[in-house]
Amino acid sequence: MAQDRSYGNISPQTAALFVCDMQEKFKPAIKYFDEITVVTKRLIKGAYILDIPVIVTEQYPSGLGHTVGELELDVNKSVVFSKTKFSMVIPEVVQKLDELPEVKSIILVGIEAHVCIQQTALDLLAKGYDVHIVADAVSARSMMDRQFAYERLRQFGAIITTSESVLFQLLGDKNHPKFKEVQALVKTSAPVSGLVSNM
């Protein structure tokens, strides 16, 4: 998918939200899992408000459980795919993206930064998508792994950003008809965690 350089600009008409492997069995192992769940939930709600496609994957769900209930996924507004590949870019997801030719930017959240997030981002970048990795909605078991994943991904053109930045960028204008609904999501700041010290 060839496209002109976007400088990180995104809009609801050209974005999709990817939620990577936010599953029950990962809860005890992932640093700040509860905090990134809160942030991911508000991004999902924002995507629903702005009619942005939400694509969710589950890594080996028969062994690792399903997506955590706290995210309150709406089955009518999200698609969920199981996978064994680490990257989210599996044939079913590629087919879904082919059905959404207007999508040029992927907002990526979930776990783990240095495995599934990194491999997904690299695969998407190789396909010509802009990739926005939401730092306050991505974690790992090891903060060192997370830090060096971000360094590598920046080198290849991924954008490391925050949930509030993404939501306001999607709105673009205070006069956006959904401004008040989205603003309500960010009235409470994202949870404070150790994630920011590991950038």
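Observations
- Sole residue being within 24 Å of HIS176 (Cα to Cα) and either touching a Cys at 6+ places or on another chain (Cβ under 7 Å) or surrounded by fewer than 18 Cβ atoms within 10 Å (Cβ to Cβ) (or both), chosen from LYS77, LYS25, LYS85: LYS77
- In the range 103-122, residue surrounded by the most Cβ atoms within 10 Å (Cβ to Cβ) [restricted to those that are of a type in the set (S, T, N, Q) and out of contact with any helix residue (DSSP H, G or I) (no Cβ under 7 Å at 6 or more places or on another chain)]: THR120
- Residues that are more than 16 Å from CYS116 (Cβ to Cβ) and of a type in the set (Lys, Arg), drawn from the range 127-185: LYS127, ARG154, LYS174, LYS178, LYS180
- The residue of the range 47-64 that is surrounded by the fewest Cβ atoms within 10 Å (Cβ to Cβ), among those that are touching a helix residue (DSSP H, G or I) at 6+ places or on another chain (Cβ under 6 Å) and more than 20 Å from THR120 (Cβ to Cβ), is ILE49.
- Hits in the range 130-170 - residues which are touching a Gly at 6+ places or on another chain (Cβ under 9 Å) and surrounded by fewer than 21 Cβ atoms within 10 Å (Cβ to Cβ): MET143, THR161, GLN169
- Residue satisfying all of: in the range 54-81; part of a strand (DSSP E or B) and hydroxyl-bearing (Ser, Thr, Tyr); farthest from ILE36 (Cα to Cα) among these: SER78
No value in this document is a laboratory result; all are computed from the given coordinates. Small disclaimer: the values here were computed from a predicted structure and weren't measured. Reconstructed Cβ throughout: ideal geometry from the backbone, glycine too, with neighbour counts over all protein chains shown.
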